[in-house]
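Participant: Sharing a structure below in structure tokens format, with a few things to ask.
What follows is calculated from the coordinates using simple rules that are stated; it is not laboratory data. From a predicted model like this one, the values you see are computed outputs, not experimental measurements. Using ideal geometry, Cβ is built from the backbone for each residue, glycine included, and neighbour counts are taken over all protein chains shown.
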Amino acid sequence: MALFALIGLGVTIFAGFGNTLTVFLCLILYVVIPAYGSYGTFVKSKKAIVISMVFFISQSIRNIDNTSLLPHISPISISFAFGDIANGQGYLIDYFAIFMVLFLAWLFRVEFNTRK
């Protein structure tokens, strides 16, 4: 997740978004939340792992739309397009995000169910 946050910072800085709100949202979504999740997995924080899981769940299926405030990018993505993406009416199914959710759920279960 730390690598995800660093790449997210680079993408946000060098993508050249015109809207300040878009830059702010991308910084929160692609830098702050993954960095917090990375720190939380290091210090074994339940709250940080759950927040990271919710974030990656939200990234697992994304709508491709030309009028969206957020671009349909992700710093690290292994995506499969579904639907008519040429007209901006498709979806991206991100396998990387799905695997991160599964890994974080496994980590949460292993770490916090064995410490009773």
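Participant: Fully extended, how many nm does the chain gain between F99 and F80 (0.36 nm per residue separation, minus their Cα-Cα distance)?
Facilitator: Working it through step by step, the gained length comes to 5.5 nm.
Participant: I've got another one for you. Under a Cβ-only charge scheme (Lys and Arg +1, Asp and Glu -1), can you give me the dipole magnitude of region 2-113 about the Cα centre, in debye to the nearest 20?
Facilitator: So the dipole magnitude of region 2-113 works out to roughly 420 debye.
Participant: Separate question: For region 48-58, take each phi angle, set θ = phi - 60°, evaluate the Karplus expression 6.51 cos²θ - 1.76 cosθ + 1.60, and give the result in whole Hz per residue in order, putting x for glycine and proline.
Facilitator: 5, 5, 5, 4, 5, 5, 5, 4, 5, 5, 5
Participant: Taking amide H positions as placed 1.01 Å from N in the peptide plane, with prolines and chain starts having none, which residues 5 or more places from S74, or on another chain, fall under 5 Å of its amide H?
Facilitator: The list, which skips near neighbours in sequence, is empty: none.
Participant: With n ≥ 4 as the cut-off for DSSP H runs, can you work out [θ] at 222 nm for the chain, using -39500 (n - 2.57) per run divided by the number of residues, rounded to the nearest 500?
Facilitator: So the calculated ellipticity at 222 nm is -18000 deg cm²/dmol.
Participant: Another question, then. Which of the following values of Rg and Dmax of the Cα atoms in Å was calculated from the structure shown: (1) 15.2, 53; (2) 19.0, 57; (3) 13.1, 39?
Facilitator: Correct label is (1).
Participant: Order these by the 10 Å Cβ neighbour count, fewest first: L107, L21, L9.
Facilitator: L21, L107, L9
Participant: Per-residue HN-Hα couplings for region 101-107, Karplus 6.51 cos²θ - 1.76 cosθ + 1.60 at θ = phi - 60°, whole Hz, x for Gly and Pro?
Facilitator: Karplus-based 3J(HN,Hα) across region 101-107 equals 4, 5, 5, 5, 5, 5, 4 Hz.
Participant: Something else about it: Which ³J(HN,Hα) values in Hz, rounded to whole numbers, follow from the phi angles of region 74-83 under the Karplus curve 6.51 cos²θ - 1.76 cosθ + 1.60, where θ = phi - 60° and Gly and Pro get x?
Facilitator: 8, x, 10, 8, 10, 10, 10, 7, 9, x
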